[in-house]
Amino acid sequence: MNSKFKEALTYSLRLLSRKDYTEKELVFKLNRRFPEIDCEKVIKYLKENGYLSDYRTGFNYAVAKMEKGWGRRKIRFYMRQKGISEEVADRIIMEIEFDYSFIKKTLEKRFGKNLKLQKDKVIRFLQQRGFSFTEIHNLISGKI
């Protein structure tokens, strides 16, 4: 291993010790800091040794955003923006047990107990949060 590779690997490990990064994000950071090295070797090493995982990063991201009241569509869209593949994003969305208590609290705080009185506003709010029409209907009618 040459010194630039070790330096890039140390830099990557330092970044990953603070927060999870997707492969795309880490490649961007490595290319910006070390334009002269082949960052694919560093990425390969990190993946083989379990330091870098798009699935783990995406799963943690999805859970965090679900707790903020985001819907599946919005979470999936932003995971794709972060560089997580479509297959991995779909798998995460299907595997995650979606908890609607976070959005229910937000709706109650913002619109009060009776959501049907402000139905149009609630629908727009939930659409912006990435919820499907079925989920919106179920939330408004109290089925969820």
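The values are calculated or read from the model by the stated rules, or taken from the named source; none is laboratory data. What you see is a predicted model, and the numbers here were worked out from it, not measured in a lab. Counting neighbours? That spans all protein chains shown, and the Cβs are built from the backbone with ideal geometry, glycine included.
Here are the numbers:
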quantity	calculated
Residue list for segment 1-56, filter: among the small types (G, A, S), part of a helix (DSSP H, G or I) and surrounded by 11 or more Cβ atoms within 10 Å (Cβ to Cβ)	A8, S12
Segment 88-139, subset among the hydrophobic types (A, V, I, L, M, F, W, C) and touching a residue at least 40 places away in the same chain (Cβ under 8 Å), residue farthest from N60 (Cα to Cα)	L126
Helices (runs of 4 or more DSSP H) contained in segment 62-144 and holding at least 2 residues within 21 Å of K24 (Cβ to Cβ) and under 17 Å from the mean Cα position of the chain (by Cα)	72-81, 86-95
Among (1) at pLDDT below 95; (2) among the hydrophobic types (A, V, I, L, M, F, W, C); (3) more than 17 Å from A8 (Cβ to Cβ), the one test that F59 misses	(1)
Segment 87-144, residues that are surrounded by fewer than 14 Cβ atoms within 10 Å (Cβ to Cβ), of a type in the set (A, V, I, L, M, F, W, C) and closer than 24 Å to D54 by Cα	M94
Check on K82, touching a residue at least 60 places away in the same chain (Cβ under 8 Å) and within 30 Å of L139 (Cα to Cα)	yes
